[in-house]
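**Q** Dumping the structure here so I can ask a few things about it.
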Amino acid sequence: MVILLPVLLPDPHFNFFPTVSDTANINAWSEIGVIFLLFALGLEFSFYKLKSVGSTAFIATFVEIGGMLIVGYFTGHMLGWDHMDSLFLGGMLAMSSTTIIIKAFEDLKLKGQRFTEMVFGILIVEDIVGIIMMVLLSTLAAASADISTLELIESVMRLLFFLVLWFVLGMYLVPSFFKRAERLMNDETLLVASIGLCLGMVVLATHMGFSAALGAFIMGSLIAEAPSAEKIEHLVKPVKDLFGAVFFVSVGMLVDPALLLEYAVPIIVLVIVTLVGKLLLSGAGVLLSGQNLNTSMHCGFSLAQIGEFSFIIASLGMSLGVISDFLYPIIVAVSVMTTFTTPVFRYGSRTCLSVH
């Protein structure tokens, strides 16, 4: 619930007390928060884990994300928004919140159940699809800016090079480095080395024309293949929690409350579209993969919200200058409202769908 803190804090739209009016600084802290959130997310991902999630996660993820992209795009058009706003809206509505879901499972003591393992598998596949989606949206944004065909081909070639680099580094170089250096490092050195590699990959990604978030996620996934990955993930957690809070607070500080009132109707529409669309599409995806109706609906109820990845996609659109200013506070409001419904949905599904 840290996202609600900006309501009580001075920001550019809150004039009762001395305000923080330097939006460039707020944006900078927001990007630092994104870097550490995505780095920590990458640490929970690995190529071997991706192979172990099974066909259910892949089928359900592609049904859910594909369906929500289409639903979000046409909803944007129905609301009178332009092509890029609608396209980015579809991307934002497609991504469920790993942080919110894991926290809800912990609070409701649902970890270890069969359907929660499926949900975790779907979230793993969602994370990697989300990263690919960010790259594709960046490419489409560049294409809409009337760049030449040669420049577009160059962008695709850079992406292919980056993906090959990701695979090679992930399978060989980074794990070998940590395996050889592990004996020479204490906890502090291991943490500094991991964060240093993360920031190094961020610099490389931005120099190649990709987002800082992509570089951070990739380095996290590379380190996830190392023998000491679990220890590194534990060491990085306090840093992630700190800068994750900074990210959510900075997100709230960039929201203009007047816009929330002005766009109250689109917010309510998108909340309904998110809850109903993700519940039905996620459940249908799990059902199509061969699971029973009970398990499918449990998974659908669990995934019916959006969260931090949607903010990151919104931030990407803002930084590229291809989406309207009103879309950012709208998606924040939708995320907050669907976050509050997550425990209710989970409790309701457990009550209505549990096997007696």
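The values are calculated or read from the model by the stated rules, or taken from the named source; none is laboratory data. The shown structure was predicted, so the numbers you read here are calculated from the model rather than taken from an experiment. Cβ coordinates were reconstructed from backbone atoms using ideal geometry, including for glycine residues, and neighbour counts include every protein chain displayed. Note: accessible area is taken over every heavy atom of the protein model, side chains too, but ligands, DNA and RNA are not part of it. Shrake-Rupley method; radii C 1.70, N 1.55, O 1.52, S 1.80 Å.
**Q** Tell me the residue from GLY285, GLY317, GLY277 that is under 21 Å from the mean Cα position of the chain (by Cα), part of a helix (DSSP H, G or I) and more than 22 Å from MET134 (Cα to Cα), please. Reasoning before the result, please.
**A** Working: GLY317 fails: more than 22 Å from MET134 (Cα to Cα); GLY277 fails: more than 22 Å from MET134 (Cα to Cα).
Criteria check complete, one pass: GLY285.
**Q** Having 3 or more residues that are over 20 Å from ILE35 (Cα atoms) and at pLDDT below 75 is the bar; report the helices (runs of 4 or more DSSP H) wholly within region 138-231 that clear it.
**A** Fully inside region 138-231 and qualifying: 149-168.
**Q** Mind checking whether some residue in region 60-73 is part of a loop (DSSP other than H, G, I, E, B) and either over 19 Å from PRO266 (Cβ atoms) or open to solvent by 60 Å² or more (accessible area, probe 1.4 Å) (or both)?
**A** No, the conditions are met nowhere in region 60-73.
**Q** Identify, from the list LEU87, LEU108, the residue that is hydrophobic (A, V, I, L, M, F, W, C), more than 14 Å from the chain's Cα centre (by Cα) and farther than 18 Å from PHE309 by Cβ.
**A** Unique residue meeting the criteria: LEU108.
**Q** Moving on to the next point. Being at pLDDT 85 or above, assigned to a helix (DSSP H, G or I) and not hydroxyl-bearing (Ser, Thr, Tyr): is that true of ILE330 here?
**A** The answer is yes for ILE330.
**Q** On the given criteria, is PHE243 over 26 Å from GLY76 (Cα atoms) and touching a helix residue (DSSP H, G or I) at 6+ places or on another chain (Cβ under 8 Å)? So that I can check it myself, show each step before the final result.
**A** Numbers: over 26 Å from GLY76 (Cα atoms): yes; touching a helix residue (DSSP H, G or I) at 6+ places or on another chain (Cβ under 8 Å): yes.
Yes.
**Q** Has region 86-94 got at least one residue that is open to solvent by 20 Å² or more (accessible area, probe 1.4 Å) and assigned to a helix (DSSP H, G or I)? Don't jump to the end; show me each part of the working.
**A** Let us first name the residues in region 86-94 that are open to solvent by 20 Å² or more (accessible area, probe 1.4 Å), namely 87.
Pick out the ones that are also assigned to a helix (DSSP H, G or I) and you get 87.
Yes, region 86-94 contains a residue that is open to solvent by 20 Å² or more (accessible area, probe 1.4 Å) and assigned to a helix (DSSP H, G or I).
**Q** Select from region 301-314 the residues that are open to solvent by less than 10 Å² (accessible area, probe 1.4 Å) and part of a helix (DSSP H, G or I) and write down the one among them that is farthest from VAL129 (Cα to Cα).
**A** That would be SER302.
**Q** Going through GLY290, GLY348 one at a time, which residue ends up being part of a loop (DSSP other than H, G, I, E, B), more than 19 Å from MET68 (Cα to Cα) and either open to solvent by 10 Å² or more (accessible area, probe 1.4 Å) or at pLDDT below 85 (or both)?
**A** Of GLY290, GLY348, the one residue that is part of a loop (DSSP other than H, G, I, E, B), more than 19 Å from MET68 (Cα to Cα) and either open to solvent by 10 Å² or more (accessible area, probe 1.4 Å) or at pLDDT below 85 (or both) is GLY290.
**Q** Can you tell which of THR61, THR56 is among the polar types (S, T, N, Q) and at pLDDT 85 or above?
**A** Being among the polar types (S, T, N, Q) and at pLDDT 85 or above holds for just one of THR61, THR56, which is THR61.
**Q** Just checking, does region 34-50 include any residue being over 23 Å from ILE232 (Cα atoms), at pLDDT below 90 and surrounded by 15 or more Cβ atoms within 10 Å (Cβ to Cβ)?
**A** No, region 34-50 has no match at all.
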